[in-house]
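Only the coordinates and a few stated rules stand behind these numbers; no lab work does. A quick note: this is a predicted structure, and the numbers were derived from the prediction, not measured. Glycine also receives a Cβ, built like all others from the backbone with ideal geometry; neighbour counts cover every protein chain displayed.
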C-alpha cells in the first residue's frame with residue numbers, strides 16, 4: 001500500500017453530494033452498512049448534519065480527507081457517553097489502498113484525545129471485509145462480538161389483530177418528509193414502547209430481538225400504519241434460527257484509548 005498524505009478536516013456542506021457518492025460506491029449493497037443511506041433524501045440529511053453536526057450533539061459529525069484537491073474519503077462519527085462510535089467510513093475507489101482510511105481514523109482518534117474525554121472507539125465491519133479487518137487490527141482494534149442483520153419479508157410474521165398506538169406520529173412524519181427516514185414509537189397491546197425505524201419507502205428496521213419474539217402481531221400493526229413497506233431489517237446479537245434467510249455477519253471492534261493529551265479546549 002502506497003500511503004499519500006491527505007488533508008483531513010471537518011466536512012463542508014457543499015461536499016454532501018460527494019460524500020453520498022463515495023458511500024454508495026463503497027457499499028453497493030448500502031443497507032449492509034446500516035440504515036441511513038437507504039433514504040432517497042440522504043444528501044439533504046448529510047448537509048444538515050454537516051451544518052449542525054457535533055460529536056457531542058444530536059447529529060453525528062462528518063470529516064473528509066482530500067488528496068490533490070479531490071475528496072478521497074470520509075468518516076462519520078458520534079460520541080455516546082465516553083465512547084466514540086464510527087458510524088461510517090468510506091474511501092472513493094480510485095483512492096483506495098493509499099492510506100486514506102488510516103489517516104481518517106488517526107485524525108479522529110487524535111481529535112478525541114485532545115478535546116474529549118473518550119475511553120474507546122467502536123466500529124462495525126462486515127466479516128467478509130478482509131482489508132478492513134486487517135487495517136483495524138493493525139491500528140489496535142480488537143474484535144468484541146458479532147452482530148447479525150436479517151432482511152426478511154414483512155409477510156413472514158403473523159398477521160393477527162393487535163392493539164397499537166403511535167406516540168410520535170407528527171415528529172416521525174416531519175423527519176420522513178425531510179430526510180426519508182424516521183423512527184416510530186409504537187405501543188403494542190398497551191405494553192412497552194417499541195422504537196422502529198422507517199427506512200426510505202420500503203423498509204422497517206428493528207434493533208431489538210425481543211420485539212420479534214414477544215410481539216407476533218407486529219406485522220398487522222406495521223401494515224396498518226404503512227402497507228407499502230414490504231421488508232423488515234432485524235439486527236441481533238445472536239443467530240435467530242426461526243427467521244428465514246441467512247444473516248449478514250458484522251464484527252464489532254473496539255480500541256481503548258490512552259488519555260494523554262486531554263484538554264478542556
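Quick look at the numbers
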read-out: Among 189-195, 149-155, the order from most to least packed when residues are scored by Cβ within 10 Å on average; value: 149-155, 189-195
read-out: Stokes-Einstein translational diffusion, the range 150-248 - Kirkwood Rh over all Cα pairs, 1.567 mPa s, 4 °C, in µm²/s; value: 94
read-out: Efficiency of FRET from Cβ geometry, residue 27 and residue 52, R₀ 30 Å, rounded to 0.05; value: 0.80
read-out: Point-to-point label distance, residue 3-residue 87, nm (Cα→Cβ direction, 7 Å offset); value: 2.8
read-out: Cα→Cβ-extended label distance, 7 Å offset, between residue 174 and residue 143, nm; value: 4.4
read-out: Fewest-first sequence of 116, 23, 220 by Cβ atoms within 10 Å of each Cβ; value: 116, 220, 23
read-out: Label-point separation, residue 129 to residue 80 (7 Å along Cα→Cβ), nm; value: 1.7
read-out: Values of log10 I(q)/I(0), in the order q = 0.09, 0.14, 0.15, 0.16 Å⁻¹, for the chain under a Debye, Cα-only, solvent-free model; value: -0.45, -1.05, -1.17, -1.29
read-out: Residue exposure sequence - 175, 204, 169 - by fewest surrounding Cβ within 10 Å; value: 169, 175, 204
read-out: Additional length obtainable on full extension of the chain from residue 120 to residue 106, 0.36 nm per residue less Cα span; value: 3.7 nm
read-out: Taking all pairs of distinct alpha-carbon atoms in the range 78-130, Kirkwood radius in angstrom; value: 12.4
read-out: Rounded FRET efficiency, nearest 0.05, which uses the C-beta distance separating residue 195 from residue 17 and R0 of 30 Å; value: 0.50
read-out: Percentage relative contact order, the chain, counting C-alpha pairs under 8 Å, at least six apart; value: 22
read-out: The range 7-118 - Kirkwood radius from inverse mean 1/r over Cα pairs (Å); value: 14.1
read-out: For the range 87-214, average projected area of the Cα convex hull in nm²; value: 11.7
read-out: Helix-only [θ]222 nm of the chain, DSSP H runs n ≥ 4, -39500 (n - 2.57) each, per residue, nearest 500; value: -8000 deg cm²/dmol
